[in-house]
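Asks: Got a structure for you, questions after.
The values are calculated or read from the model by the stated rules, or taken from the named source; none is laboratory data. All values derive from a computational prediction rather than experimental measurement. We place every Cβ from the backbone using ideal geometry, glycine too, and count neighbours over all the protein chains shown.
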Amino acid sequence: MAAATKGYTGPLERVTDYCWRIPKSYKPGMRVDGLIYASESLLELIKADQAPEQVANVAFLPGIQHASLAMPDIHWGYGFCIGGVCATDPAEGGVISPGGVGYDINCGVRLVRSSLTYQEVKPHLTRLVEELFKQVPTGVGRSGKYSFDHRQLRRLMAEGSAWLIERGLAVPGDIEHTEARGRLDGAEPELVSQRALERGKDQCGTLGSGNHFMEVQVVEALFDQAAASAMGLVKDMVCVMIHSGSRGLGYQVCDDALKELRHVPEKYGIALPDRQLACAPVESPEGRRYLGAMRAAANYAWCNRQLLMWQAREVFSTIFNRPWEQLRMNLVYDVAHNIAKFEQHQIGGKTKRVWVHRKGATRAFPPEHPEVPSMYRRIGQPVIIPGDMGRASWVLAGQPGSMQQTFGTACHGAGRVMSRTAAVKHAQGRRIDQELAARGVIARARSWRGLVEEQPDAYKDVDLVVEVVDRAGLARKVARLRPIGVIKG
Amino acid sequence: MYETFEHTADLGLRVRAADLNGLFAEAARGLVSIIVPNLDDVRLVRRMSFALAGSRHDELLFDWLNEVLYVFESQRVVLAEFDVHVGGEGLEAAARGEPLDPARHQLEHEVKAITYHELKVEPLDGGWLAEVIVDI
């Protein structure tokens, strides 16, 4: 059998109740320690696969600062684990690694609130979910209703989601409530290959498949009244959460980069324990080319989530017979959780500008950070954490501990605990949609197997993951949301 | 023959064949079957040919599977039959299939990409074995 069934047996030393160390002495070549944020019970699940080994492998990357970090939702990825964070300093030969961003560049989540309560939506819920499923393209092989030619795509990638304002598909408030205002500077769309453009031309505004979703949720409980109030969240409010990324365009950009970087580590004398960690010095032609294309794909992803939200607004408007503005379907916030960003951090008593790779990890800047939009400056950046489609999702707010410990980062979800094949076996032919309906969740998916693979049992309990992030001081709990409607690929 | 194996968030594809040509053909079928499981219902009405350069078997397999995925992603063509000739400096292949028809083709997974993670192509028991993990 493949290594898939093997667990991690290396060292894990307790630092605090919520932080565990893999010492750099574990493997020759590690430049820093590995640090995994988890409770003792979550750690047992994390050790079941090779994710901790991958945390150790990332510590090999040249220029890595402080530690190779992992969030409590980590699970086995390829090269990097999912839920990993690493910061590299270009001034110390630091590298950029496409694997540290992932294939789905700027995969992320956004949360839209509304003026509707659960009681108002409940009688229309099935029709609402059916209509979302009909109008919002989901699943493999489905094109969107928005098609952009190559020239338009290049503008969209250069300008990000603000470009959609002039096309009547976004309003200024949407941009203000998006991480980086929906645009990374320095995007170089001309570095995005023809293949990537072909894959992306009719996919902007489509959900995709796998773990991507659009959910109708209800605010079930508030944990921080002041922060909830700043975000406009009240108990029983109906919200929409959207999880998607840069679609085929971003996958192709990553793929093109990995191909270009195939033999680049040897060229720069970089020894790596896993080919999927392929990287290039930030200050190299190869590194700069990837960064230009990666930023372009990130901007595409923000446009994708903007167009998905726009379609959700249209459907709500149809079902509830009022314009979305009257339904007050305003964006709370949009966060990226697969991205690399150039940020300023305090490291070892010095102020440094580093490339923070977040691979399945969410930025969680604290109150008063200049990059937190003014309306959230006093409470900290909203951190949106999707859970599974049966239990819950969360809204948190970034805390000062994130800057001190994790380069301003928190978790990104619940994290898988079961492989896709194990989830199918676990289901034993059960009807997941019917089980969800019994729990008050209307679910529609294009693929039966897709729904089974994403069943709630396949994920860790997101409440436990969020608890670690809260206790470790990375982000504090603001609101727990319960799903009532789901559409998937 | 091909089968899928476990990987936490993704899917592994394991392929065995008597020779390299068969291995590459089966790997392509295995990949497409992850997207469209009812491959036997695909009509063989469209023919495409491929030529790829490369001397390392693992990298060549990676590039080959990427080509097959790209044909599906960009042209929406489901390829189901492959005739591959692997040589010392690359491969030549002919493939047959048809444009995607959601009414007849069952769609199960979107494959985001082929990964290098634990990618292997190696001789085994007088034949060949390949393992590749695809990102779902």
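Asks: Quickly run through region A:280-334 and pick out the residues that are among the charged types (D, E, K, R) and under 23 Å from A:Gly250 (Cα atoms).
Replies: A:Glu283, A:Glu286, A:Arg288, A:Arg289, A:Arg295, A:Arg305, A:Asp334
Asks: Continuing with this model, one more query. When you check A:Val58 against the structure, is it under 27 Å from A:Leu396 (Cβ atoms) and in contact with a Lys or Arg (Cβ under 8 Å, 6 or more places away or on another chain), yes or no?
Replies: Taking the combined requirement at face value, the residue does not satisfy it.
Asks: Moving on to the next point. Can you say whether A:Val282 is closer than 30 Å to A:Leu116 by Cβ, touching a helix residue (DSSP H, G or I) at 6+ places or on another chain (Cβ under 7 Å), in contact (Cβ under 8 Å) with a residue 40 or more places away in the chain and among the β-branched types (Val, Ile, Thr), as far as the supplied structure shows?
Replies: no
Asks: Would it be correct to say that A:Trp302 is in contact with a strand residue (DSSP E or B) (Cβ under 9 Å, 6 or more places away or on another chain) and not in a loop (DSSP other than H, G, I, E, B)?
Replies: In short, yes.
Asks: Only one of A:Leu474, A:Leu481 is modelled with pLDDT of 95 or more and under 15 Å from A:Ser393 (Cβ atoms); which?
Replies: Numbers: A:Leu474 fails: under 15 Å from A:Ser393 (Cβ atoms).
The unique qualifying residue is A:Leu481.
Asks: Counting residues that are more than 14 Å from chain B (Cβ to nearest Cβ) and in contact with a strand residue (DSSP E or B) (Cβ under 9 Å, 6 or more places away or on another chain), which helices (runs of 4 or more DSSP H) fully inside region A:157-275 reach at least 2? Break it down stepwise before answering.
Replies: On the way: elements: A:172-176, A:194-200, A:225-231, A:247-260, A:264-267.
Filter on region A:157-275 gives A:172-176, A:225-231.
Asks: Moving on to the next point. Search region A:12-24 for residues that are closer than 12 Å to A:Val55 by Cα and pair each with any residue that is aromatic (Phe, Trp, Tyr) and in a strand (DSSP E or B) when their beta-carbon atoms are under 6 Å apart and the residues are at least 6 apart or on different chains.
Replies: The qualifying pairs are A:Leu12/A:Trp20.
Asks: If A:Lys201 meets every condition in (1) over 30 Å from A:Val452 (Cβ atoms); (2) under 21 Å from the mean Cα position of the chain (by Cα); (3) among the basic types (Lys, Arg); (4) buried (at least 20 other Cβ atoms within 10 Å of the Cβ) apart from one, which number is that one?
Replies: Result: A:Lys201 fails condition (2) only.
Asks: Further question: The conditions are (1) surrounded by fewer than 23 Cβ atoms within 10 Å (Cβ to Cβ); (2) within 24 Å of A:Gly292 (Cα to Cα); (3) within 14 Å of chain B (Cβ to nearest Cβ), and A:Pro62 fails exactly one of them. Which is it?
Replies: Unmet condition: (3).
Asks: Further question on the same structure: Is it true that some residue in region A:11-22 is within 24 Å of A:Ile270 (Cα to Cα) and away from chain B (no Cβ under 13 Å)?
Replies: Among the residues of region A:11-22, at least one is within 24 Å of A:Ile270 (Cα to Cα) and away from chain B (no Cβ under 13 Å), which makes the answer yes.
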